[in-house]
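Reading through the structure tokens given below for one structure.
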Amino acid sequence: MGAIDLYARKTAGFDERLARTVEVLRQAAADFGPGALQSTSLGVEDMVITDLIARHQLPIALATLDTGKLHAQTLALIPRIEQRYGLEVEVFAPVNEQVVHFVRANGEEPMYRSVELRKACCGVRKLEPLARMLTGRTAWITGLRREQSSNRAEVPFREDDGQGRVKVNPLAEWTWADVWHYVQANDVPYNPLHDEFMPSIGCAPCTRAIAVGEDFRSGRWWWEDSSKECGLHATHAEPSAGESESQASPLTFNATTGAPA
Ligand code: SF4
């Protein structure tokens with residue numbers, strides 16, 4: 001039994017949530033133009049967003065990180081996206097010299113030895129290439145949902161990323177059942193690892209299957225009791241005043257929740 005069989009369910013309010021998501025994406029394209037980028041993790045939420053970008057022909061570029069530690073099934077989605085939608089996915093990888101130096105000093109899988117080493121690995125393999133990915137961008141679009149973890153319970157549709165950009169979270173109010181209902185209804189390609197009880201997929205050494213009843217993010221960095229975040233989505237600040245001033249748009253955003261008003 002796969003993820004669609006297990007999770008896809010159309011629940012009350014789905015059509016309205018979908019309509020708000022499309023409006024949030026349209027507005028991001030209108031407000032930020034070529035400054036907007038979908039930073040896709042290639043997880044199922046991001047596949048839904050990519051499908052919506054393609055379906056509504058929104059001028060939003062796609063990019064992903066290849067940390068050098070991803071599953072083959074994850075990487076295989078890149079050509080599938082390009083073939084299915086005719087969109088290019090720009091791939092950002094860590095600086096080879098930095099990886100070689102880091103591995104020589106700490107070994108291939110130092111992340112299990114300490115939080116510091118795990119964060120250092122994420123720094124070299126994720127945060128540095130992410131910074132390059134976002135250079136020159138004013139907004140990035142993510143697949144964060146409030147339901148994913150207690151850390152994300154307040155995720156708004158728009159927020160200040162703390163680095164001078166706006167982070168747009170169009171699926172903020174979607175449930176896991178919504179995601180899989182959309183995948184089923186629109187035949188969205190997805191990582192087959194989701195069918196193996198991996199709801200949240202990152203690097204191979206840092207992702208495992210979860211058991212029934214476990215938290216959505218419990219398959220990530222499971223040996224740590226910390227926040228299960230790698231620094232890509234460290235904060236969920238409220239939208240800044242500058243954002244609401246500079247983006248005259250028909251869709252306004254609640255200053256507290258970030259939801260469309
Ligand atoms: S998720 Fe794991 S393998 Fe990937 S960059 Fe972070 S520590 Fe390294």
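The values are calculated or read from the model by the stated rules, or taken from the named source; none is laboratory data. What you see is a predicted model; the values in this text were computed from it and never measured. Note that we place each Cβ from the backbone using ideal geometry, even for glycine, and neighbour counts take in every protein chain shown. Remember, those area values only see protein heavy atoms, side chains included, never the ligands or the DNA or RNA. Shrake-Rupley method; radii C 1.70, N 1.55, O 1.52, S 1.80 Å.
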Checklist line | Odd one out for residue 137 among (1) modelled with pLDDT of 95 or more; (2) not in a loop (DSSP other than H, G, I, E, B) | finding: (2)
Next item on the list: Report, by residue number, each residue of the range 39-60 that is buried (at least 19 other Cβ atoms within 10 Å of the Cβ) and of a type in the set (Gly, Ala, Ser).
Entry: 39, 41, 43
Checklist line | the range 184-208, residues that are within 16 Å of the ligand (Cβ to nearest atom) and either part of a helix (DSSP H, G or I) or small (Gly, Ala, Ser) (or both) | finding: 193, 200, 202, 204, 205, 206
Item checked: Those residues of the range 99-110 which are within 12 Å of the ligand (Cβ to nearest atom) and either in a helix (DSSP H, G or I) or surrounded by 14 or more Cβ atoms within 10 Å (Cβ to Cβ) (or both), in sequence order -> 99, 102, 103, 106, 109, 110
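Can you go through 255, 185 and tell me which one is farther than 19 Å from residue 40 by Cβ, aliphatic (A, V, I, L, M) and at pLDDT below 60? I'd like the intermediate steps shown before the answer.
Working: 185 fails: at pLDDT below 60.
The match here is 255.
Please work out if residue 92 is aromatic (Phe, Trp, Tyr), within 16 Å of the ligand (Cβ to nearest atom), at pLDDT 95 or above and in contact with an Asp or Glu (Cβ under 9 Å, 6 or more places away or on another chain).
On the way: aromatic (Phe, Trp, Tyr): yes; within 16 Å of the ligand (Cβ to nearest atom): yes; at pLDDT 95 or above: yes; in contact with an Asp or Glu (Cβ under 9 Å, 6 or more places away or on another chain): yes.
The answer is yes for residue 92.
Among 80, 113, which is the only one that is within 30 Å of residue 33 (Cα to Cα), basic (Lys, Arg) and open to solvent by 60 Å² or more (accessible area, probe 1.4 Å)? Steps first, answer last, please.
Values: 113 fails: within 30 Å of residue 33 (Cα to Cα).
Unique residue meeting the criteria: 80.
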Checklist line | Residue in the range 1-21 that is modelled with pLDDT under 95 and over 25 Å from residue 173 (Cα atoms) present | finding: yes
